[in-house]
Amino acid sequence: MQTMLYDKVVEKYSKIENTAGRLKIIDILAELIAMTPPDDLKPLVYLTTGRLAPSYTGLELGVAEKTVLKILSSMSSAETVAKMMKKHGDAGEVAEQVVGRRITLVSEPLTLNRVYSTLLKIAGQTGANSVKVKGGLISGLLSDATSDEAKYLVRSILGELRLGVADYTVLEALTKVYGSSRESLERAYNLTSDLGLVAELAAAGPKAVDSVTIEVGRPIRPMLAERLESADAVIGKIGESASEYKLDGERVQIHKDGDVIKIFSRSLERIEHYPDAEALARENIKAASAIVEAECVAVDNDGKYLPFQELMHRRRKYNIKEAAAKYPVTLNFFDVLLVNGAVVMTKPYFERREILEYIITASRGTMLMPQLITDDPAEVEGFMLKSLAAGGEGLMIKQLGAAYTPGARGFGWIKLKREYNTSQVDSMDLVVLGGFHGKGKRAGTFGAYLLGAIDLEKNQYIGVTKIGTGFTDQDLEETPKLLHPVQSKPNDVESGMTPDVWVEPTVVMEVVASEITLSPTYTAAFNIIRQNTGLALRFPRFMRIRQDKTAQDATTVNEIIEMYKLQTKKMSK
Ligand code: AMP
């Protein structure tokens, strides 16, 4: 059997780390993939993207930095390690130096397979003795590692690899190596949410890629909506359609397999903080197996919908039962993708809605999303008011004949929100790229942040605004704790504005702004609307941290371009 040496992997990691251009990174990644035997592809893809398994499994190593530093101390001295750590701030570099100084006589070269299976073993340790066992396994790997290997090994173990290789970058590299088109690989990824599996399918050939489909237990990347500015525009675009309330809760994808219920968040993580919703789903979905989507919304004693903030009391790891009693939720179903083993995702909306009506039993906590089918904009407006009065934030208007399109934003669903009638642009979900030191009352913490949108073509986060308004004292205190500062601008970030401190682009903030403006400083959509000019936000205001979204779910540069166009249309009315 061919074996992939870990040494070969880290050689490419080091190259990637020292390369700035995205296309060059894809080339290096393609070389790495091409030299990896099929059996090693899954481990390679997971490790390279900073995971152990598909994100939805939630599998983590759970190793603390101090455990690793202790092991390194035993290979050198606690004093030396502490000194190096102070200098580099990166346990990976400390490991590189410690291992580099060590004199070993014989060591067995590490294989990718051994590294990966040992990491899985580490993740699987629980119970009283686990810290010790984990330590032993890590020492075992380090004692056979070269200095370069030790660096990346430690970073992987601590979840700090940060090569800046996004999932889409891997898809592009796979296209280069195996020939399946980017579209078909993206489709496979949207359906399975498992990049390792997609790599294996790609290696097996286009037929394997095209025949993959959805399965209970594996979350599907959610369908997304476009926006339009008015009911007239929506009916003008898609004609007779189904308006549904747009409720402001947490989107959940519910997988039912007999009595087993798994709930996934919008960012495809398994969530277990809604035991009441699980019970509701178990009782009220009448199908042996199903994948359905609902908006999970907190309600008050009279059953009135409560705003999203109230639901945040439920996002916790402890005392889940008490929180469930205090802030009960309802499930408002709006789609079905699979039922009793049959994939229905590709059926038109109106048929899926009929199936949904058939399989969902209405109860105190379960209902279908209120819906109105009409081709009359005035009726849509009336329904919008009803949604707002009920505590909704607007409407989701759905094309009757449209299939469910995983991971894609399109006019199959169009959102119409209240803000469109005021001077504000729609809220955006932007990624925190950096922080600016605060002054006066904000001294010692960040007083403002640099935020960016995601550019899916470039696979980069592009700075679009600096924000310092809308934060409560608590927000100012809590936000820095979520961020991971880095020493220089990450590979996958671009910005015309430089913050005092760059951070890993992972935290998403929802913001509103008065306007999208042309800007000579910011580079989003550079040269697209006007030469030498990008788009930026004017008077941005912080709304909340979106813990339910990952950076990959952020507002895209293309959406900002569309919103800019909508705004100019509105102003010229
Ligand atoms: P946005 O996050 O503003 O792009 O809006 C899309 C989100 O609206 C979805 O992810 C759902 O969480 C939420 N939503 C609320 N009501 C509906 C509905 N009737 N159909 C689809 N999505 C809905």
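Would you mind classifying the range 167-210 by shape? Square roots of the alpha carbon gyration tensor eigenvalues, ordered a ≥ b ≥ c; an a/c under 1.5 is rounded, otherwise it is prolate if a/b is larger than b/c and oblate if not. Because its axes are fairly even, with a/c under 1.5, the range 167-210 counts as rounded. Once the Cα atoms of helix 112-123 and of the chain are each reduced to a long axis, what angle between those two axes, in degrees from 0 to 90 to the nearest 10, is obtained? Approximately 70 degrees, to the nearest 10. Computed with a 1.4 Å probe on the full set of protein chains, the accessible area for Glu200 sits at about 70 Å².
Its DSSP H runs of at least 4 residues, each contributing -39,500 (n - 2.57), put the calculated 222 nm mean residue ellipticity of the chain at -11500 deg cm²/dmol, to the nearest 500. Going by the alpha-carbon gyration tensor, a ≥ b ≥ c the square roots of its eigenvalues, is the range 224-420 rounded (a/c under 1.5) or, if a/c is not under 1.5, prolate (a/b greater than b/c) versus oblate? Oblate is the answer for the range 224-420, as a/c is 1.5 or above yet b/c matches or exceeds a/b. The Cα-based radius of gyration of the range 420-573, divided by its Kirkwood radius, gives an Rg/Rh of 0.96. About its Cα centre, the chain has a charge dipole of approximately 1160 debye under the convention of +1 per Lys or Arg Cβ and -1 per Asp or Glu Cβ, with nothing else charged. Principal semi-axes of the equivalent ellipsoid, √(5λ) from the alpha carbon gyration tensor of the range 100-208, are 33, 17, 12 Å from largest down. Near Lys134: Cβ cut-off under 15 Å, other residues only, Lys/Arg at +1 and Asp/Glu at -1. The net charge is +2. For the chain, the longest principal axis of the C-alpha atoms and the axis of helix 38-48 are separated by about 80°. The separation of the range 284-324 from the range 156-186, counted between C-alpha centres, amounts to 34 Å. Mean separation of Cα pairs under 8 Å and 6 or more residues apart, divided by the residue count, gives the chain a relative contact order of 12 percent.
In summary, the aspartates and glutamates within cross-link reach of Lys24, defined as a Cα separation below 19 angstrom excluding same-chain residues under 8 places away, comprise Glu11, Asp167, Glu172, Asp455, Glu457, Asp492, Glu494. Relative to the longest principal axis of the Cα atoms of the chain, helix 91-101 runs at roughly 20 degrees. With the Cα gyration tensor of the range 346-392 giving a ≥ b ≥ c as the square roots of its eigenvalues, does the rule (a/c under 1.5 for rounded; else a/b larger than b/c for prolate; else oblate) give rounded, prolate or oblate? The shape class here is oblate.
One quarter of the convex hull surface built on the alpha carbon atoms of the range 6-157 amounts to 9.9 nm², the projected area averaged over directions.
Taken along its three principal axes, the alpha carbon spread of the range 363-428 comes to 33, 32, 26 Å, from the longest extent down to the shortest.
Bridging of Lys121 to aspartates and glutamates at a Cα separation below 20 Å is possible for Asp39, Asp40, Glu60, Glu65, Glu108, Asp144, Glu149, Glu160, once same-chain residues fewer than 8 apart are set aside. Backbone geometry of the range 541-555 corresponds, through the Karplus equation with coefficients 6.51, -1.76 and 1.60 at θ = phi - 60°, to 3J(HN,Hα) couplings of 9, 5, 9, 5, 7, 9, 6, 8, 10, 9, 4, 5, 8, 5, 4 Hz, x marking Gly and Pro. Close amide H partners of Val493, meaning residues 5 or more places away or on another chain with modelled amide H under 5 Å apart, are Tyr461. In this label model, Arg251 and Glu457 are separated by 2.4 nm, measuring between points 7 Å along each Cα→Cβ vector. The value for the chain of Rg(Cα) / (2.2 N^0.38 Å) is 1.01.
Considering only Thr3, Gly434, Val557, the residue lying farthest towards the positive end of the dipole of the chain is Gly434, judged by Cα position with unit charges set on Cβ.
Residues in the range 441-453 carry Karplus couplings, in order, of 4, 9, 4, x, 9, 7, x, 8, 10, 9, 10, x, 9 Hz; the curve used is 6.51 cos²θ - 1.76 cosθ + 1.60 with θ = phi - 60°, and Gly or Pro positions show x.
The values are calculated or read from the model by the stated rules, or taken from the named source; none is laboratory data. These figures come from a predicted structure and were not determined experimentally. Here Cβ is always computed from backbone atoms with ideal geometry, including for glycine, and neighbour counts include all displayed protein chains. Areas reflect the complete protein model, heavy atoms only, side chains present, ligands, DNA and RNA absent. Shrake-Rupley method; radii C 1.70, N 1.55, O 1.52, S 1.80 Å.
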